[in-house]
1. Per residue, how big is the convex hull around the C-alpha atoms of the chain? Give it to me in cubic angstrom, could you?
2. Here are some pairs, K88/K115; K28/K87; K10/K88; K30/K88; which of them have Cα atoms lying more than 32 Å apart in this structure?
3. Using Cα pairs closer than 8 Å and at least 6 residues apart in sequence, work out the relative contact order for the chain, in percent.
4. Run lengths n ≥ 4 of DSSP H only: what is the helix-derived mean residue ellipticity at 222 nm for the chain, with -39500 (n - 2.57) per run over all residues, to the nearest 500?
5. Which net charge results for the neighbourhood of I126, defined as the other residues with beta-carbon distances under 12 angstrom from its beta-carbon, given Lys and Arg at +1 and Asp and Glu at -1?
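What follows is calculated from the coordinates using simple rules that are stated; it is not laboratory data. A quick note: this is a predicted structure, and the numbers were derived from the prediction, not measured. When we count neighbours, we look across all protein chains shown, and the Cβ atoms used for this are built from the backbone with ideal geometry, even at glycine.
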Amino acid sequence: MDKLVNQRIKQIIKGDHEAFGEIVEIYKDKIFSLCFRMLGNRHEAEDIAQEAFIRAYTNIESFQQNRKFSTWLYRIATNLCIDRIRKKKPDYFLDAEIAGTEGLTLYSQLPSSGKTPDAEVETLEIQEIVQREIMRLPDKYRSVIVLRYMDDLSLNEIAEVLEIPLGTVKTRIHRGREALRKQLHNM
């Protein structure tokens, strides 16, 4: 195949412009596939593949015939694809106004980082339920649970505040969580 391509290139250089059609037929599917894999868009791949053949045709005199034509053609197509990717601009701008709206931009379509009103209400309801169930715990468990999880005190700080041993704090936290888990599970 390389011999056939080299013969056609010699014919093109001598002025036989029809000979390039055979080269296109040989490589068109491979060049299109390369472009499509790089760009991911059929129309752009077709455009770039066509541009690659045009560039190859117009620069055929610079082709060194001691090298493979397919490698040279692939390099042209790859470079064109890379150029297209680099030059590709976003299809939209966030500050552009949405058609049919008054002053509404694409920024308004971005999800907010905060919770939705439904999620906030749900969180408040859950917090209310948990708080109510904590209030139902015996005093000795309620105090360590509140100090640990509501006030974020360390185990040592809780032991100092309640003037009880560290081991007792750990035991009460464990038993308080278990009691709370049972209460919430029964709901």
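1. About 312 Å³ per residue, rounded to a whole number.
2. Too far apart for the 32 Å limit: K88/K115; K10/K88.
3. Working: 118 pairs, mean separation 23.6, N = 187.
Value for the chain: 13 percent.
4. Details: 8 runs with 124 residues, N = 187.
For the chain, the value works out to -22000 deg cm²/dmol.
5. Spelling it out: positives minus negatives among the neighbours equals -4.
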